[in-house]
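Data first, discussion second: the structure below is written as structure tokens.
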Amino acid sequence: MLQKKDLVDAPCCAYVIGEIGVGKTTFLDLLISYEKWLHQRFGLEGKIFNTFKEDLPPYWEDYKTHRDKEIIHESIYDAQIWFARQKIGIIRGAAGLDEQCNKIIPDTRGSGFYFVDRTLHEDFYVFAEGMRNLFPEGKYQAYLDEVKASLEVLPHPDLVIRLRVKNPAVSKARAENRGYGEHHPLSRYHKIAEDYSEHIDTWIKGLGVPVIDI
């Protein structure tokens, strides 16, 4: 009989990384379905795949409107700092850290994979950077000051899942069909792909952890 320890015998923090519309959330939903099958087929108990997804900010509609129309507005800062703070909390939980990013002893996480849907680095180097001209005066620097401090203390994950699409047009089509009301020009998706190649893939290479490239 397959045992849970045969899959993973310790808590494992894993990042799921990829451009808009690449299928990160779909990938995590598939893992949940696979977990259910493992429980039914082998009688496994407990969580195997712990997945963390961020909530949308309460001012989502304002954020979308001003972001899509490229209008300077307070909601741009409010949403980006909301996402960053959420992500920091999610990463702490997935990595078994306290608010000072120290390991919690004893570690209350059970054995299994703790997946983070997109990373703080992506928020910082791709999405906030891509909208820096839409932040009200002084707000982008305030964002940098707060988030960069966390980037410097968060530990590396144990595993990276890097999801890719070959054509940014696929990302655009998937993003527009998922119900968030996103309508960016194709050039925006090409720029995001370039930013991932320049900033995120370079960062991944320097982590020194296993990477599954899909």
* Structure fact -> In the stretch 48-80, anything among the hydrophobic types (A, V, I, L, M, F, W, C), in a loop (DSSP other than H, G, I, E, B), in contact with a helix residue (DSSP H, G or I) (Cβ under 6 Å, 6 or more places away or on another chain) and under 21 Å from residue 25 (Cα atoms) is listed as 48
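Looking at the stretch 135-169, which of its residues are touching a strand residue (DSSP E or B) at 6+ places or on another chain (Cβ under 6 Å) and either over 26 Å from residue 209 (Cα atoms) or of a type outside the set (A, V, I, L, M) (or both)?
Those that are touching a strand residue (DSSP E or B) at 6+ places or on another chain (Cβ under 6 Å) and either over 26 Å from residue 209 (Cα atoms) or of a type outside the set (A, V, I, L, M) (or both): 157, 158, 162.
Considering only the stretch 19-37, how many residues are β-branched (Val, Ile, Thr), in contact with a Lys or Arg (Cβ under 7 Å, 6 or more places away or on another chain) and not in a helix (DSSP H, G or I)? Quick ask: steps written out before the conclusion?
From the stretch 19-37, those β-branched (Val, Ile, Thr) are 20, 22, 25-26, 32; that's our starting set.
Then keep just the ones that are in contact with a Lys or Arg (Cβ under 7 Å, 6 or more places away or on another chain); that gives 22, 25.
Right, trim to not in a helix (DSSP H, G or I) and you get 22.
So the answer is 1.
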* Restricting the first residue to the stretch 28-57 and requiring it to be under 13 Å from residue 116 (Cβ atoms) and open to solvent by 30 Å² or more (accessible area, probe 1.4 Å), which pairs with a second residue that is modelled with pLDDT of 90 or more and of a type in the set (Phe, Trp, Tyr) meet a Cβ separation below 8 Å and a spacing of at least six or different chains? -> 51/115; 52/114; 52/115; 54/83
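Conditions tested, residue by residue: (1) among the polar types (S, T, N, Q); (2) at pLDDT 95 or above; (3) more than 21 Å from residue 184 (Cβ to Cβ).
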{"site": "86", "(1), (2), (3)": "yes, yes, yes"}
{"site": "95", "(1), (2), (3)": "no, yes, yes"}
{"site": "100", "(1), (2), (3)": "yes, no, yes"}
{"site": "122", "(1), (2), (3)": "no, yes, no"}
{"site": "137", "(1), (2), (3)": "no, yes, yes"}
{"site": "142", "(1), (2), (3)": "no, yes, yes"}
{"site": "147", "(1), (2), (3)": "no, yes, yes"}
{"site": "162", "(1), (2), (3)": "no, yes, yes"}
{"site": "168", "(1), (2), (3)": "no, no, no"}
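Filter the helices (runs of 4 or more DSSP H) completely within the stretch 128-210 down to those with at least 3 residues that are without any contact (Cβ under 8 Å) to a residue 12 or more places away in the chain, open to solvent by 40 Å² or more (accessible area, probe 1.4 Å) and of a type in the set (A, V, I, L, M). Working first, answer last.
Values: elements: 139-151, 168-176, 186-195, 201-205.
Those helices (runs of 4 or more DSSP H) do not exist here; none qualify.
State the number of residues belonging to the stretch 28-48 that are closer than 13 Å to residue 111 by Cα and either modelled with pLDDT of 95 or more or more than 25 Å from the chain's Cα centre (by Cα) (or both). Give the derivation first.
If we filter the stretch 28-48 for residues that are closer than 13 Å to residue 111 by Cα, which is where we start, we get 44-48.
Then keep just the ones that are either modelled with pLDDT of 95 or more or more than 25 Å from the chain's Cα centre (by Cα) (or both); that gives 44-45.
Looking only at that region, the number is 2.
The values are calculated or read from the model by the stated rules, or taken from the named source; none is laboratory data. It should be emphasised that the depicted structure is a prediction, and the values quoted were computed from it without experimental measurement. Cβ sites come from the backbone with ideal geometry, for glycine too, and all protein chains shown count toward neighbours. Accessible surface is based on the protein model in full, side chains and every heavy atom, while ligands, DNA and RNA are left aside. Shrake-Rupley method; radii C 1.70, N 1.55, O 1.52, S 1.80 Å.
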